[in-house]
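**Q** Let me give you the structure first, and then I'll get to my questions.
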Amino acid sequence: MTEITTITCAFCKGKGKDPFEIMSKEATCQVCGGRGKVAVAKPYVKCAHCQGTGVSPYSRNVCTVCNGRGVVSVTDGKKVCPGCHGTGSAKESNLPCLTCGGKGVV
Ligand SMILES: [Zn+2]
Ligand SMILES: [Zn+2]
Ligand SMILES: [Zn+2]
C-alpha cells in the first residue's frame, strides 16, 4: 500500500504563487495550484536533478523529474545511480540522467 504525505511545494516554496511571475504577479503556482502544498508518495528522496528546488537547472521551468515538487518517490531500490553518481543530471548536458530518470537513485 502506498502511503501519501503532504509536503511544502518546492517550486513556490509554499507561497502558492508563480515564483517567476511569468504570467503575472498574482499567477498561481502551476505545481501546487496555489495551495502551497503537494502530495507525494512515500518513501521519497530529494530530487537530485533540481537539488530539491523544483526548478529545472539553468531555466525557469518546472523540473521535469519531480514535476516541481522537489522530491521524487522511490519505490524500487535506493542505490546511487551509476550513470550520474547521484547528481541526477547527464554528463555534458542539463538533461535528466537517462539511467535513473533524474532521480539520482535506481
Ligand atoms: Zn507551488
Ligand atoms: Zn526536480
Ligand atoms: Zn542517474
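**Q** For region 82-96, give me each residue that is within 12 Å of ligand 3 (Cβ to nearest atom) and out of contact with any strand residue (DSSP E or B) (no Cβ under 6 Å at 6 or more places or on another chain).
**A** 82, 83, 84, 85, 87, 88, 89, 90, 91, 95, 96 - these are the residues of region 82-96 that are within 12 Å of ligand 3 (Cβ to nearest atom) and out of contact with any strand residue (DSSP E or B) (no Cβ under 6 Å at 6 or more places or on another chain).
**Q** With 42, 91 as the choices, which residue is over 23 Å from residue 9 (Cα atoms) and not polar (S, T, N, Q)?
**A** Criteria check complete, one pass: 91.
**Q** Quick one: residue 16 ticks every box in (1) at pLDDT 90 or above; (2) within 15 Å of residue 89 (Cα to Cα) except a single one, so which number is it?
**A** Here residue 16 clears every test but (2).
**Q** Of the residues 91, 103, which single one is under 18 Å from residue 31 (Cβ atoms) and part of a loop (DSSP other than H, G, I, E, B)?
**A** From the options 91, 103, the qualifying one is 103.
**Q** Mind checking which residues of region 63-85 are at negative phi and under 8 Å from the mean Cα position of the chain (by Cα)?
**A** Within region 63-85, 63, 64, 65, 66, 69, 71, 72 meet the criteria.
**Q** So, in region 12-67, of the ones that are of a type in the set (Gly, Ala, Ser), more than 9 Å from ligand 2 (Cβ to nearest atom) and part of a loop (DSSP other than H, G, I, E, B), which residue ends up surrounded by the fewest Cβ atoms within 10 Å (Cβ to Cβ)? First the steps, then the outcome.
**A** Going residue by residue through region 12-67, those that are of a type in the set (Gly, Ala, Ser) are 14, 16, 24, 27, 33-34, 36, 39, 41, 48, 52, 54, 56, 59.
From the residues that got through so far, the ones that are more than 9 Å from ligand 2 (Cβ to nearest atom) too are 14, 16, 24, 27, 33-34, 36, 39, 41, 59.
Next, from what is left, pick out any that are part of a loop (DSSP other than H, G, I, E, B): 14, 16, 24, 27, 33-34, 36, 59.
On the way: 14: 16, 16: 16, 24: 9, 27: 14, 33: 12, 34: 16, 36: 17, 59: 11.
Looking at residues that are of a type in the set (Gly, Ala, Ser), more than 9 Å from ligand 2 (Cβ to nearest atom) and part of a loop (DSSP other than H, G, I, E, B), I get 24.
**Q** Among the numbered criteria (1) modelled with pLDDT under 90; (2) not in a loop (DSSP other than H, G, I, E, B), which one does residue 72 miss?
**A** (1)
**Q** Go through region 79-89 and count every residue that is closer than 15 Å to residue 64 by Cα and modelled with pLDDT under 90.
**A** 0
**Q** May I ask you to list pairs of residues, at least six apart or on different chains, whose Cβ atoms are under 8 Å apart, with the first in region 30-53 being in contact (Cβ under 8 Å) with a residue 60 or more places away in the chain and the second being surrounded by fewer than 15 Cβ atoms within 10 Å (Cβ to Cβ)?
**A** 45/78
**Q** For residue 55, are the conditions met, namely being aliphatic (A, V, I, L, M) and more than 13 Å from the chain's Cα centre (by Cα)?
**A** No.
The values are calculated or read from the model by the stated rules, or taken from the named source; none is laboratory data. Here the structure is a predicted model, which is why all the values come from computation and not from measurement. All Cβ positions, glycine included, derive from the backbone under ideal geometry; neighbour counts span all protein chains shown.
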